[in-house]
1. Taking SER137, is it more than 18 Å from the chain's Cα centre (by Cα) and either among the acidic types (Asp, Glu) or open to solvent by 10 Å² or more (accessible area, probe 1.4 Å) (or both)?
2. When residues of segment 140-163 are filtered for being open to solvent by less than 20 Å² (accessible area, probe 1.4 Å), among the aliphatic types (A, V, I, L, M) and over 23 Å from THR106 (Cα atoms), how many remain?
3. Residue by residue through segment 108-133, note down the ones that are surrounded by 15 or more Cβ atoms within 10 Å (Cβ to Cβ) and either of a type in the set (D, E, K, R) or over 17 Å from the mean Cα position of the chain (by Cα) (or both).
4. Just give me the residues in segment 164-181 being among the charged types (D, E, K, R), open to solvent by 50 Å² or more (accessible area, probe 1.4 Å) and either at pLDDT 90 or above or within 22 Å of TRP129 (Cα to Cα) (or both), in sequence order.
5. Which residues, taken from segment 1-28, are open to solvent by 80 Å² or more (accessible area, probe 1.4 Å), of a type outside the set (Asp, Glu) and under 22 Å from the mean Cα position of the chain (by Cα)?
6. Restricting to segment 149-169, give me the number of residues that are touching a Leu at 6+ places or on another chain (Cβ under 9 Å) and within 29 Å of ARG238 (Cα to Cα).
7. Within segment 58-107, how many residues turn out to be among the charged types (D, E, K, R) and buried (at least 21 other Cβ atoms within 10 Å of the Cβ)?
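The values are calculated or read from the model by the stated rules, or taken from the named source; none is laboratory data. Predicted, not measured: the structure shown is a model, and the values here were computed from it. Neighbour counts are summed over all protein chains in view; Cβ atoms, including those assigned to glycine, are modelled from backbone coordinates with ideal geometry. The area values use the complete protein model at the heavy-atom level, side chains included, leaving out ligands, DNA and RNA. Shrake-Rupley method; radii C 1.70, N 1.55, O 1.52, S 1.80 Å.
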Amino acid sequence: MSWIIELDHVHRMARALTSDHQCQPAEGQSADGALIGNMHLQEAQPGLFMRLNRVRKLADLMIRSRIEPSLKIAVVWRGEPEVSFGPHCHALKPGRALCIALDEPTEFRLNSLKGAHEHSAILTLTPAWLKWHLNASRASEVMSHMRHLAHFHWWPSPRLLERLDTFSRQRPTYPVQRLGIESLALEMISECLTARPAQTGTGERHPPRETADWKETLEDWIHNGEVAYQSQAEIAARLGMSVRQLQRRYRDAYGQTMTQDLR
């Protein structure tokens, strides 16, 4: 079932985890009925927040906020929202999830176009939760590269995507539903942390196998600045190929060397 989602409701949810939150329609468009669908936030455990979005945008929306330090895990199964954390932009695509470490307050931006759908789940693991459950004093300690804005992409299982889709249709008004969301949040964390790259930078759990996949993945890393922190050997390993293979494929695909482009 779908409902009109008032922007005041969006603001109230955001204030639990952000400051200076703004969600406004583009100039000349009405805020009345700007969102339709289902959206809710639940504190699944103390310091662990799950937000489920199953919405369609009826106006062009500009969302900005300042996010407190945390580990963010985002899964999208419909729509392609583009989000920015600090200076880095990330294109979220169906079936491809993002995990990002925010060690300090970070500016967040999201521009949504009228008519766009977004079916997504966003987990927020606060420093208190990370300390209690993972013995990590900051978010980046659970990443392969321990730095602010460190991130990686991973591929959720079909079971997880199906469960997220089911729970996104509901409003968790009963205790059994709230327990279900807690178990869903823990399953999401487990899959994410299992998929994280090894400390040696040897790659994600499912490296791209087709030519189109490696190009798309590499372009994402270039656009969001991730390649600035990696050698060509590390990039090649994460893509499941040798440095020589990567250099040859890059030259064949783009007409010049990867070193020239990155410089």
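1. Yes, satisfied.
2. Counting residues in segment 140-163 that are open to solvent by less than 20 Å² (accessible area, probe 1.4 Å), among the aliphatic types (A, V, I, L, M) and over 23 Å from THR106 (Cα atoms) gives 1.
3. Within segment 108-133, ARG109, ALA116, GLU118, PRO127, TRP129, LEU130 meet the criteria.
4. The one that is among the charged types (D, E, K, R), open to solvent by 50 Å² or more (accessible area, probe 1.4 Å) and either at pLDDT 90 or above or within 22 Å of TRP129 (Cα to Cα) (or both): ARG178.
5. Those that are open to solvent by 80 Å² or more (accessible area, probe 1.4 Å), of a type outside the set (Asp, Glu) and under 22 Å from the mean Cα position of the chain (by Cα): ARG12, ARG15, GLN24.
6. Matching residues across segment 149-169 total 9.
7. So the answer is 1.
For (1) in contact with a helix residue (DSSP H, G or I) (Cβ under 9 Å, 6 or more places away or on another chain); (2) under 21 Å from ASP32 (Cβ atoms), each residue gets a yes or a no:
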{"residue": "ASN53", "(1), (2)": "yes, yes"}
{"residue": "ILE63", "(1), (2)": "yes, yes"}
{"residue": "LYS72", "(1), (2)": "yes, no"}
{"residue": "GLU80", "(1), (2)": "no, no"}
